[in-house]
Amino acid sequence: GQQVMQIPQYQHVQEGEDFTTYCNSSTTLSNIQWYKQRPGGHPVFLIQLVKSGEVKKQKRLTFQFGEAKKNSSLHITATQTTDVGTYFCAGDNYQLIWGAGTKLIIKP
Amino acid sequence: DAGVIQSPRHEVTEMGQEVTLRCKPISGHDYLFWYRQTMMRGLELLIYFNNNVPIDDSGMPEDRFSAKMPNASFSTLKIQPSEPRDSAVYFCASSEKTSGRGEQFFGPGTRLTVL
């Protein structure tokens, strides 16, 4: 069946370091969405990417959609404590297929 | 708009009891989704509705689970009988368009504990 693999499962960073999470789909996607879930909260929509090779930025967050529309990444520059949470990708191929999420943990 | 509303926020019950979770989607949204989230299995889509009609219930774990949407502003997810392995956070989400073609707005979730 269709799958969206997301890695890594966890990433520990020092505050101020960068963070990246990657998603790979077994099939070509029509688009991909990214969500953030704060600890104890619910997923909140961040962005949707539609075009092949698309790159979008939201302040310190950079989202990319691969040329083949099968992979995507989210990069956070200079992480802050407010970035803590789990980041999910969700690939659309008729229906949304969710990645397992990457948990961003900031080392004390 | 108040967003997606779920009740109760927390539910503790004993094995074998019936549990009913409730959801009010955002007004005007045509799609409603029920998800389950656990540490072991992550975020799982259980079922979704379009215009109150169930479209895909392939994620419903077994016959103990049932979902209804009697009108555009209300949906329920029922577990009967409940088992300890049903303990999870259950989210309801709604969207204007089908999954992926419109962002999904999630409710705060119901944390279910089955003893």
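Here, each number is a calculation from the coordinates, and none is a lab measurement. Note that this is a predicted model, so its numbers are computed, not measured. Note: ideal-geometry Cβ built from the backbone for every residue, glycine included; neighbour counts use all protein chains shown.
Just need a number here: residues in the stretch A:22-39 that are crowded, with 16+ Cβ neighbours inside 10 Å and assigned to a loop (DSSP other than H, G, I, E, B).
1
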For the stretch A:68-84, state whether one or more residues are free of Cβ contacts under 8 Å to residues at least 12 places away in the same chain and of a type outside the set (Asp, Glu).
yes
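Just to be sure before I move on: is B:Thr110 buried (at least 17 other Cβ atoms within 10 Å of the Cβ) and more than 10 Å from chain A (Cβ to nearest Cβ) in the structure I sent?
When the stated conditions are applied, B:Thr110 passes them.
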How many of the residues making up the stretch A:56-89 are aromatic (Phe, Trp, Tyr) and over 10 Å from the mean Cα position of the chain (by Cα)?
1
Select from the stretch B:47-62 the residues that are within 29 Å of A:Met5 (Cα to Cα) and away from chain A (no Cβ under 12 Å) and list them in ascending order.
B:Phe49, B:Pro54, B:Asp57, B:Met60, B:Pro61, B:Glu62
In the stretch A:40-60, the residues that are crowded, with 16+ Cβ neighbours inside 10 Å, at the interface with chain B (Cβ under 9 Å from one of its Cβ atoms) and assigned to a loop (DSSP other than H, G, I, E, B)
A:His42
Is it the case, given these coordinates, that A:Val4 is among the β-branched types (Val, Ile, Thr) and out of contact with any Ser or Thr (no Cβ under 6 Å at 6 or more places or on another chain)?
no
Of those in the stretch A:61-108 that are within 13 Å of chain B (Cβ to nearest Cβ) and at positive phi, the residue surrounded by the fewest Cβ atoms within 10 Å (Cβ to Cβ) is A:Tyr94
Of the conditions (1) closer than 24 Å to A:Gly1 by Cβ; (2) in a strand (DSSP E or B); (3) in contact (Cβ under 8 Å) with a residue 60 or more places away in the chain, A:Ala100 clears all except one; give me its number.
(2)
Tell me which strands (runs of 3 or more DSSP E) are completely within the stretch B:1-51 and hold 1 or more residues being under 11 Å from the mean Cα position of the chain (by Cα), or say none if there are none.
B:5-7, B:19-24, B:31-38, B:42-50
Scanning the stretch B:73-91 for residues that are in contact with a Phe, Trp or Tyr (Cβ under 6 Å, 6 or more places away or on another chain) and more than 8 Å from chain A (Cβ to nearest Cβ), the one surrounded by the fewest Cβ atoms within 10 Å (Cβ to Cβ) turns out to be B:Ile79
Qualifying positions in the stretch B:30-48 - closer than 13 Å to B:Gln104 by Cα and either in contact with a Lys or Arg (Cβ under 9 Å, 6 or more places away or on another chain) or exposed (fewer than 14 other Cβ atoms within 10 Å of the Cβ) (or both):
B:Asp30, B:Tyr31, B:Leu45
Here is a list of conditions, (1) over 11 Å from the mean Cα position of the chain (by Cα); (2) under 25 Å from A:Leu46 (Cα atoms), and B:Gly107 meets all of them except one; can you say which number that is?
(1)
